[in-house]
Structures are given as structure tokens and as C-alpha cells.
1. Roll a 1.4 Å probe over the protein chains and send me the accessible area per residue for the stretch 23-76 in Å².
2. Summarise the accessible area of the chain (1.4 Å probe, protein heavy atoms) by the percent that is carbon and sulfur.
3. Report which label in (1) 34, 31, 26; (2) 114, 28, 6; (3) 65, 48, 22 holds the value of Cα extents along the principal axes in Å derived from the coordinates of this structure.
4. Connecting C-alpha atoms closer than 10 Å in a GNM of the chain, tell me which of A70, A14, A84 has the biggest fluctuation.
5. When DSSP beta bridges are limited to those with both residues in the stretch 22-73, what percentage is antiparallel, rounded to the nearest 5?
6. Within a Cβ distance under 12 Å of G52, other residues only, what is the Lys/Arg minus Asp/Glu net charge?
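The values are calculated or read from the model by the stated rules, or taken from the named source; none is laboratory data. Values in this document were obtained by computation on a predicted structure and should not be read as measured data. Here Cβ is always computed from backbone atoms with ideal geometry, including for glycine, and neighbour counts include all displayed protein chains. Side chains are part of the model used for accessible areas, which takes the heavy atoms of the whole protein and leaves out ligands, DNA and RNA. Shrake-Rupley method; radii C 1.70, N 1.55, O 1.52, S 1.80 Å.
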Amino acid sequence: MRPLSIEHSMPPEAATEVARRLARTGIMLGSRAILKRVRMSATDVQYSQGTGEEISGPIAELVMLRAGRAPRWDQLEGAGVELARQMWLKRQRHSA
């Protein structure tokens, strides 16, 4: 589910800049552990960042994950998806 259950599209250029900035500020949003273990690559814009197991998908879904929010998991691919999903779920259980 999207924040506040609001659906909207992200302009690709803006989403790419947000993803880059979240690489530095994601620590405060609780996604640091995930970000340290995966490499994210967008399939719809030129964007790739990180090291580790690969996650690829639309930039909007990568932004959601970087921001500590649930992406649409079915739109992500790569060896790092299951790792990220398990880490995200574990974080959600601990914060509830």
C-alpha cells in the first residue's frame, strides 16, 4: 500500500534524484540494513547504486524501498529481492 493510500505517478527525473538523496538519508528512515546489502538498478531510467545482491525494477519502486516503505514486490527482480523482503518484514514486525 502506498503512503496514505494515495496513488500517483512519480516523474522519472524527480524519482531518480530522490533515490540518490535517499542513499544518504535512508539511514534515518530505517532502510539502512537493506541498503548496505543490495545494489539497486532501475529498469526505466538510468540509475544504479549500491553493492551486493541485485534488485532491479521501476525507479518508483526502488524509491519506496529506499524510503523504508513497501514497494510493489512483484515489480522487482533479482537475487536481492527476497533478501530485501525478509529484512523489510523483520523491520516491520519489530516496529509494530
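1. Details: 2720 Å² over 54 residues.
Heavy-atom accessible area per residue stands at 50 Å².
2. Numbers: 3170 of 5880 Å².
That share works out to 54 percent.
3. (1)
4. A14
5. Numbers: 3 of 8 bridges.
Within the stretch 22-73, antiparallel bridges account for around 40 percent of the total.
6. Numbers: positive: K36, R37, R39; negative: E53, E54.
Around G52, the charge tally is +1.
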